[in-house]
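The values are calculated or read from the model by the stated rules, or taken from the named source; none is laboratory data. This structure is a prediction, so every number in the text was calculated from the model and none was measured. Cβ atoms come from the backbone with ideal geometry, glycine included; neighbour counts cover every protein chain shown. These area figures cover heavy atoms from the full protein model, side chains too; ligands, DNA and RNA do not enter into them. Shrake-Rupley method; radii C 1.70, N 1.55, O 1.52, S 1.80 Å.
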Amino acid sequence: MTTRTDAPTRREQILREAARLFAERGFHGVGVDEIGAAVGISGPGLYRHFAGKDAMLAELLVGISERLLTGGRRRVAEAAGDPEAVLDSLVEGHIDFALDDRPLITLHDRELDRLRDSDRKLVRQLQRQYVELWVAALREVRPGLPEPSARAAVHAVFGLLNSTPHLGRPGALPGRTAMAALLHRMARGAFAAAAEGQGE
């Protein structure tokens, strides 16, 4: 989920390949030399950029949580005054993440517990703030929806959108535009179902 148009830095290349390899083979199934080979440098050369694999994992998982929260806040600010537009924009932003950063979803699911306590707590704190953006946006659209129901609906939508790594290889899925549209309809359907469950 990047909006950069310039070439990625070597550090960004390392992180992208580390995420891909960790997601494919597990954190302990990948060596520093393999990550280095994937970006065309020696394994020891990686230590000019990162202290080790643990540092790469922390930057990947803390970094995506920071990016989602920052992007979410920006989307809320840009669409302020139009609750439906705010919620749609949050959904669109998370769909971009779910389709473009599938290895990071897998990595989070499998490897979060490998982070040191301080990094894991930071990830959880950032995630809670991100959830609160969504809960507030949903309750603006559905004012009669109790907070617990809104929170449950938001987590259900995250579960739906973050299931993309389990849907098959990208080439086996519908085109990106069609997939994004389908996920968007499903997310909004889940929010509507939550409201109907409350008798709205």
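Here are some notes:
- At q = 0.10, 0.12, 0.13 Å⁻¹, base-10 log of I(q)/I(0) for the chain (Debye sum, equal scatterers on each alpha carbon): -0.47, -0.66, -0.76
- Here the dipole of the range 71-200 is about 400 debye; that uses its Cα centre as origin and unit charges on the Cβ of Lys and Arg (positive) and Asp and Glu (negative).
- Ratio Rg/Rh [Cα only; Rh per Kirkwood] for the range 5-72: 0.98
- Top of Arg67, Arg124, Arg25 by mean-square fluctuation, Gaussian network on the chain, Cα under 10 Å: Arg25
- Taking a sphere under 9 Å around the Cβ of Leu57 and counting the other residues whose Cβ falls inside, with K and R at +1 and D and E at -1, yields a net charge of -2.
- With protein chains left intact and a 1.4 Å probe, residues in the chain average 52 Å² of accessible area per residue.
- Shape call, the range 34-89: gyration tensor on alpha carbons, a/c limit 1.5: prolate
- Per-residue extension of 0.36 nm, minus the Cα-Cα distance of Gln127 and Arg25, leaves a gain of 34.2 nm for this segment.
- Calculated FRET efficiency for the pair Ala136/Asp113, C-beta based, R₀ 35 Å, to 0.05: 0.75
- Portion, in percent, of the accessible area of the range 1-102 that falls on carbon or sulfur, probe 1.4 Å: 51 percent
- Over the chain: helical MRE at 222 nm, DSSP H runs n ≥ 4 each giving -39500 (n - 2.57), nearest 500: -23500 deg cm²/dmol
- Over every Cα atom in the range 106-146, the radius of gyration and the widest Cα-Cα span, Dmax, amount to 14.2, 40 Å.
- For the range 52-168, dividing the convex hull volume of the Cα atoms by the residue count gives 102 Å³ per residue.
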